[in-house]
């Protein structure tokens with residue numbers, strides 16, 4: 001697709017948090033749940049360079065979880081490229097949505113930011129947003145024991 005952009009569910013949909021964390025085994029995750037129609041989500045993408053630098057320096061992977069229901073795959077790819085969303089990408093499908101809801105991770109409303117530990121367990125489902133800068137960095141360091 002492009003350097004530093006990876007589609008995790010290209011071969012098959014990811015249906016659970018376990019499937020996601022198995023693909024990125026042993027890595028802490030910062031999940032950004034977003035949609036193309038969500039202006040607050042798009043506004044946060046302006047802070048991605050600083051965020052990506054911090055995450056890379058601290059060996060935290062970013063996963064962009066797209067929540068659009070009827071978005072054409074090509075338009076999704078173009079949106080990712082246009083907004084320079086480097087990292088891992090997946091789409092929210094019914095099975096994954098049910099799993100995240102059952103585990104108390106999914107909350108209504110966008111954007112949503114989630115911290116998952118190296119062990120694959122939820123640490124925070126209402127993490128700070130990228131525009132908070134240093135506050136988010138400190139939250140990630142504290143929650144992930146960095």
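Screening residue 68 on (1) touching a residue at least 24 places away in the same chain (Cβ under 8 Å); (2) closer than 19 Å to residue 126 by Cα shows it passes everything except condition (2). Filtering the stretch 68-78 for residues that are at pLDDT 95 or above and touching a helix residue (DSSP H, G or I) at 6+ places or on another chain (Cβ under 8 Å) leaves a non-empty set. Tell me, yes or no, whether the stretch 33-56 has at least one residue that is out of contact with any helix residue (DSSP H, G or I) (no Cβ under 7 Å at 6 or more places or on another chain), surrounded by 13 or more Cβ atoms within 10 Å (Cβ to Cβ) and part of a strand (DSSP E or B). Checked the stretch 33-56: at least one residue is out of contact with any helix residue (DSSP H, G or I) (no Cβ under 7 Å at 6 or more places or on another chain), surrounded by 13 or more Cβ atoms within 10 Å (Cβ to Cβ) and part of a strand (DSSP E or B).
Is it true that residue 32 is at negative phi, under 12 Å from the mean Cα position of the chain (by Cα) and in contact (Cβ under 8 Å) with a residue 12 or more places away in the chain? Yes, satisfied. Condition check for residue 8 on (1) in contact with a helix residue (DSSP H, G or I) (Cβ under 7 Å, 6 or more places away or on another chain); (2) more than 17 Å from residue 113 (Cα to Cα); (3) free of Cβ contacts under 8 Å to residues at least 40 places away in the same chain: one failure, at (3).
The values are calculated or read from the model by the stated rules, or taken from the named source; none is laboratory data. From a predicted model like this one, the values you see are computed outputs, not experimental measurements. Glycine gets a Cβ as well: all are built from the backbone with ideal geometry, and neighbour counts include every protein chain shown.
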